[in-house]
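In what follows, a structure is listed as structure tokens, so that the remarks can point back to it.
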Amino acid sequence: MSISDFSNVHFGIVRFPGSNCDNDALYATSYNLGAQSQFLWHKDSTIPDGIDVIVLPGGFSYGDYLRSGAIARFSPLMKAVVDFAYNGGYVIGICNGFQILTEAGLLPGALGRNSHQLFRCRTVTMRVENTDTAFTSAYSHKQVLSIPIAHGDGNYYADAETIASLEANRQVVLRYVNSNGEEDDASNPNGSINNIAGIINERGNVFGMMPHPERVCDALVGGTDGLGIFQSLANTVMATHVA
């Protein structure tokens with residue numbers, strides 16, 4: 001996967017108490033991708049000028065007290081993140097970040113306890129269902145990716161009407177599959193409805209996924225399947241800058 005010059009693309013990585021994938025996200029977007037990245041503190045009330053993409057990283061914000069993402073949603077910075085998204089800014093939530101996005105109402109549905117009631121930390125395979133997004137354009141349609149998960153509350157669910165709408169509008173962007181690219185119960189690590197691994201909002205600028213792309217952006221640590229997520233965003237931002 002070739003990488004362009006993304007030095008003019010700026011990522012902001014939000015740090016909550018309990019975040020533990022923030023450094024990984026910073027490394028993936030700066031060192032691996034070649035973009036500009038900086039941490040954003042959860043107690044700040046504004047987002048610095050020039051940020052193109054906000055990343056809500058994985059971890060256990062506020063110790064997952066009450067439920068995953070429930071308290072982080074009320075952090076001072078999250079109001080600015082919501083405004084950023086409503087104004088068309090790109091926001092990606094990874095694992096705990098996905099949970100925070102649903103708690104904040106930026107994505108529909110919710111993430112519940114894994115159906116087997118166990119924490120899962122392993123590599124899974126998923127299929128790219130939609131490449132016409134700012135987050136997946138660097139991949140090919142139906143491409144199968146190997147990306148690790150690490151969660152106890154990754155069971156995506158929503159009411160039947162919401163699920164039908166997500167499917168009809170191609171908002172289901174990633175889906176758990178086996179190594180042959182086929183959906184089955186065995187490939188679903190948490191019981192998510194329809195094997196859903198990642199969804200996007202209707203506007204196309206907010207994306208949540210449970211697997212950790214930032215952990216597979218460097219061949220030295222086992223693969224680069226996750227790099228396409230950040231490359232897609234950088235390509236989109238660069239095109240916006242040119243326009």
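Bear in mind these aren't lab numbers, they're just calculated from the coordinates by the rules spelled out. Note that this is a predicted model, so its numbers are computed, not measured. Cβ sites come from the backbone with ideal geometry, for glycine too, and all protein chains shown count toward neighbours.
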Name the GluC sites (Glu not before Pro) in the stretch 83-187 that are in a loop by DSSP and that have at most 14 other C-beta atoms within 10 Å, would you?
GLU182, GLU183
Classify the stretch 1-126 as rounded, prolate or oblate, taking a ≥ b ≥ c as the square roots of the eigenvalues of its Cα gyration tensor: rounded when a/c is under 1.5, otherwise prolate if a/b is larger than b/c and oblate if not.
oblate
Label-zone membership for the stretch 72-113, site ALA168, 7 angstrom Cα→C-beta point, backbone N under 19 Å:
108-109
Between SER140, SER68, SER232, which gets the highest mean-square fluctuation from a Gaussian network model of the chain, Cα cutoff 10 Å?
SER140
By the mean-Cβ-within-10 Å protection proxy, highest first, 112-121, 209-218 rank as 209-218, 112-121
Quick check on the chain: helices-only [θ] at 222 nm, where DSSP H runs of length 4 and up contribute -39,500 (n - 2.57) each and the sum goes over total residues. Nearest 500, please.
-6000 deg cm²/dmol
Looking at the chain, what % of its DSSP beta bridges pair antiparallel, to the nearest 5?
55 percent
